[in-house]
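Here is the structure we will look at.
Bear in mind these aren't lab numbers, they're just calculated from the coordinates by the rules spelled out. Computed from a predicted model, the values in this text were never measured in an experiment. For neighbour counting, all protein chains shown are included, and Cβ atoms are generated from backbone atoms with ideal geometry for every residue, glycine included.
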Amino acid sequence: MAVPKKRVSHSRTNMRRSINDRLTAVQTVPCPECGEPKLPHHACPDCKKYKGAQIDKAK
């Protein structure tokens, strides 16, 4: 059975892991009503519309 000859250091492990743990940029799309950037599948924070319908949050 294959066994590593030397222990892998914390630094090398973290450098290898950093490739997959990095942050990704937030993707935005323009709102079809007002043109402001918004998150996909979310109501527009500026005009408060989603798929052409006005959204009123009652809280």
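Miscellaneous remarks
- Relative contact order of the chain: 16 percent, from C-alpha pairs under 8 Å at least 6 residues apart in sequence.
- Per-pair calculated FRET efficiency, R0 = 25 Å: residue 23 and residue 49 via Cβ, rounded to 0.05: 0.30
- For the chain, the spread of Cα coordinates along the three principal axes comes to 64, 26, 21 Å, biggest extent given first.
- Estimated inter-spin distance, residue 56 and residue 5, nm [label 7 Å along Cα→Cβ]: 7.4 nm
- Amide proton proximity set for residue 31, modelled H, under 5 Å, gap of 5+: 36, 38
- In degrees, nearest ten, helix 10-21 long axis to first principal axis of the chain (Cα): 30 degrees
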